[in-house]
Amino acid sequence: MANSKYEYVKIDYEVNDEVMFPNLIVVRIHFCNFTRFSQVHEFEQPNDENALNLMNACATAVLKEYPDIVFSYGFGDEYSFVFSKDTNFYQRRASKILSLIVSFFTSNFVMNWKYWFPQKELKSLPLFQSRIICCASVEVLQAYLAWRQRECHTENQHNTCLWNLVKSGKTELEAQEILKGTLKQDKNELLFQQFKINYKLINKMFRQGSCVLKTEIEAIVKYINDTPVKRLRKNVTVEHSENIASRNFWNKHSCLVKEISNFIVDINNIKPEFVKSFTFENKLMLSTWIVVRIDGCHFHRFSEIHEFEKPNDEQALNLMNSCAVAVLKEFNDIVFSYGVSDEYSFVLKKDSQLYQRCASYIVSAIVSLFSAVYVMQWVHFFPSKELKYTPCFDGRAVCYPSSKILQDYLAWRQVDCHINNQYNTCFWELVKSGRTKREAQKFLKGTQTNEKYDLLAQQFHIDYNRLPIMFRRGSSVFREQDKDTSNEEVEGETQNRVVIKHCNIIDCSFWEANPSILNKVPL
């Protein structure tokens, strides 16, 4: 990260959200507006087996990607991921953890869609939210898992009755009225007597949900004189158990006992209110500008594998801009965004009540949507390049109390854009001229701005100020009502359309020319 006079906005305003030891970390994600999504894609009701298998495939990918996650449980439109008790995954920072998991899950959902629904187009983007549950003890974790599996059973039994009544000719309202106040046994009798359905014989995955966990298997690692040498290796499997919170299920899996702990007693009474009290929640301060900054995770490796042009890949940057446009179109509370390289910052208006200003929901929703669009739009920007693996982004939310400080934050990011881009331009020109990366780094160490200008001009005949403006200034995405949009990229409708511009946001004249961004108050 480059240094500048604006960097105080990071030091003074970004807060620590570490989940302290000995809390066990659980990340629960859920699908936003799943009812509408399932209607648009004509999912089978009450359960679509392929949709559930797609969710299971995403959860399996998460456990394979992140060794610190040792167990997960999912049903319907949600999944919970349990980390090992000693995890120090990303320094246990809540926002980092929940955003990475939801981003990776969403990317896999989009990438794997065609496998599970080869005949169905993905008509709308999936959007997931996530939050952290801090389990103060293994007993709290046990109660949490028991609660979620009970919810699975309750919801599935109700939905099975509801949809069979609807299929028999009742309206949804009439079916809901019939089921109002009915108990578990009443629903079982209704299914059997009216529809000849034995609820206990319904697919286990529908009734019990799915567990994704790591088991130890013997694997051949090498041969010595034609004799196989075997070692224990962890393997990710999917299971369906009647009671995942029971001692019998949990303690028979050595990985769970080793990485988390064993269950001492079985649970009879579950109090959801008790479990909910361990939710790690951060409500963002009222009357402040909320900035959500997302960053690509391990994008150096991602760019190398996908052979991005260095120091800047125009199509890759355009893809990022397209994702930002989609985010602004989805969330009206976002008034401005600024992006460079593999990061984007989204500014929410001061009086925003998006998700009741719940940090985890705001961050995860933005990261999830951004990830989904990135995967969906890849083929449009790289038609001849296969997306070889899923991209992943992390995010955080920071509150800024005044427009001046917000402007300094954005100035910090644009100064960073210039400094990093100038350095990278010099670095890659040196590498292309024959130097090694280490030699290029050593050559540039301690050089000042003017020296880099001279290096580019004298050695490589490059006028830095004539490089594409997007590389030097980054991209600003916001809503603009002015109909005169000559020579600008425009996304959306003419009225209140979202535009992509590459302008100097450090200069106050930009904000004076666009007062509506900051509630019509010039900075």
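Round to a whole angstrom and tell me the spacing of the C-alpha centers of segment 114-136 and segment 340-361.
One Cα centre to the other: 20 Å.
Return the sequence-ordered ³J(HN,Hα) values of segment 237-252 in whole Hz as given by the Karplus equation 6.51 cos²θ - 1.76 cosθ + 1.60 applied to θ = phi - 60°, using x for Gly and Pro.
My calculation for segment 237-252 gives 10, 10, 10, 10, 10, 5, 9, 6, 9, 7, 4, 4, 5, 5, 6, 7 Hz in order.
Relative to the longest principal axis of the C-alpha atoms of the chain, give the angle of the C-alpha long axis of helix 49-65, reported between 0 and 90° and rounded to the nearest 10°.
Roughly 60 degrees between the two axes.
Please work out the Kirkwood hydrodynamic radius for the chain, using every pair of different C-alpha atoms, and report it in angstroms with one decimal place.
Numbers: mean 1/r = 0.0388 Å⁻¹.
Hydrodynamic radius (Kirkwood, Cα only) of the chain equals 25.7 Å.
Per residue of segment 317-329, in order, report the coupling 6.51 cos²θ - 1.76 cosθ + 1.60 (Karplus, θ = phi - 60°) as ³J(HN,Hα) in whole Hz, putting x for Gly and Pro.
After applying 6.51 cos²θ - 1.76 cosθ + 1.60, I find 5, 5, 5, 4, 5, 4, 5, 5, 4, 4, 5, 5, 5 Hz.
Under a point-charge model restricted to the Cβ atoms of Lys and Arg (+1) and Asp and Glu (-1), what is the dipole moment magnitude of segment 269-336 relative to its Cα centre, in debye to the nearest 20?
Numbers: 7 positive and 10 negative charges, 90 e Å.
Approximately 440 debye in magnitude.
So for the chain, taking the charge dipole from beta-carbon charges (+1 Lys/Arg, -1 Asp/Glu), which of 256, 229, 138 sits furthest toward the positive end?
Of the listed residues, the answer is 229.
For residue 258, go through the aspartates and glutamates and keep the ones whose alpha-carbon is under 15 Å away, minus same-chain ones fewer than eight residues off.
Within reach: 68, 86, 216.
Mind pulling the per residue volume of the convex hull built on the Cα atoms of segment 37-154? Å³ is fine. All intermediate terms of the calculation are to be shown ahead of the outcome.
Details: hull volume 12.1 nm³, N = 118.
Spelled out: Cα convex hull of segment 37-154, divided by residues, is 103 Å³.
Nothing charged except the Cβ atoms of Lys and Arg (+1) and of Asp and Glu (-1): what's the magnitude of the dipole of the chain about its Cα centre? Round to the nearest 20 debye. Let's see the in-between values first.
On the way: 63 positive and 61 negative charges, 226 e Å.
Rounded to the nearest 20 debye, it is 1080 debye.
Would you mind putting 128-138, 247-257 in packing order, based on average other-beta-carbon counts within 10 Å, highest first?
On the way: 128-138: 20.8, 247-257: 15.9.
By packing density, highest mean first, the sequence is 128-138, 247-257.
On a 0 to 90 degree scale, rounded to 10, what angle separates helix 403-432 from the longest Cα axis of the chain?
On a 0 to 90 degree scale, this one is about 80.
Among 57, 513, 331, which residue has its Cα positioned farthest towards the positive end of the charge dipole of the chain, with +1 placed on the Cβ of Lys and Arg, -1 on the Cβ of Asp and Glu, and the dipole taken about the Cα centre?
57
Nearest 10 degrees, 0 to 90: what angle lies between the long axis of helix 94-116 and the longest principal axis of the chain (Cα atoms)?
70 degrees
Return the distance in nm (one decimal) between the two label points of a simple spin-label model at residue 40 and residue 388, each offset 7 Å from Cα along Cα→Cβ.
3.2 nm
Within segment 253-288, which residues have the backbone N less than 15 Å from the label spot 7 Å out from residue 404 along Cα→beta-carbon, could you tell me?
What the label zone holds, given the 15 Å backbone N cut-off, is no residue at all.
Would you please give the FRET efficiency between residue 307 and residue 451, computed as 1/(1 + (r/R0)^6) with r the Cβ-Cβ distance and R0 = 30 Å, to the nearest 0.05? All intermediate terms of the calculation are to be shown ahead of the outcome.
Details: r = 31 Å, r/R0 = 1.02.
After rounding, the FRET efficiency stands at 0.45.
Roughly how far apart, in whole Å, are the Cα centres of segment 1-73 and segment 148-195?
Cα centres, segment 1-73 to segment 148-195: 30 Å.
For the ranges 355-364, 303-312, 414-423, what's the packing order if you count other beta-carbon atoms within 10 Å of each residue, average per peptide, and put the highest first?
Highest mean packing first, the order is 355-364, 414-423, 303-312.
Leaving out ligands, DNA and RNA, and with a 1.4 Å probe, what % of the accessible surface on the chain is carbon or sulfur?
Details: 12250 of 25660 Å².
That share works out to 48 percent.
What FRET efficiency comes out for residue 15 versus residue 420 if R0 is 35 angstrom and r is the Cβ-Cβ distance? Round to the nearest 0.05.
For residue 15 and residue 420, the calculated efficiency is 0.90.
Taking amide H positions as placed in the peptide plane 1.01 Å from N, state which residues far from residue 503 in sequence (5 or more) or on other chains have amide H under 5 Å from it.
For residue 503, the qualifying residues are 476.
What is the gain in length, in nm to one decimal, between residue 230 and residue 5 on full extension, counting 0.36 nm per residue of separation less the C-alpha to C-alpha distance?
Values: separation 225, 0.36 × 225 = 81.00 nm, distance 5.74 nm.
Extra length from residue 230 to residue 5 when fully extended: 75.3 nm.
Run the dipole for segment 166-312 about the Cα centre, Lys and Arg Cβ at +1, Asp and Glu Cβ at -1, nothing else charged, and hand back the magnitude in debye, nearest 20.
Values: 24 positive and 18 negative charges, 77 e Å.
Result for segment 166-312 is approximately 380 debye, rounded to the nearest 20.
In this model, which of 184/271; 170/276; 222/385; 123/180; 64/432 are farther than 26 Å apart at the alpha-carbon? Don't jump to the answer; show the numbers that get you there.
Details: 184/271 18 Å; 170/276 36 Å; 222/385 35 Å; 123/180 34 Å; 64/432 37 Å.
Among 184/271; 170/276; 222/385; 123/180; 64/432, the Cα-Cα distance tops 26 Å for 170/276; 222/385; 123/180; 64/432.
Modelling each spin label as a point 7 Å along the Cα-to-Cβ direction, I'd like the residue 268/residue 204 distance in nm, to one decimal.
Output for this residue pair reads 2.7 nm.
The values are calculated or read from the model by the stated rules, or taken from the named source; none is laboratory data. Just so it is clear, the structure is predicted and the values come from calculations on it, not from any experiment. Please note: Cβ atoms are built from the backbone with ideal geometry, for glycine as well, and neighbour counts cover all protein chains shown. Keep in mind that these areas ignore ligands, DNA and RNA; they rest on the heavy atoms of the full protein, side chains included. Shrake-Rupley method; radii C 1.70, N 1.55, O 1.52, S 1.80 Å.
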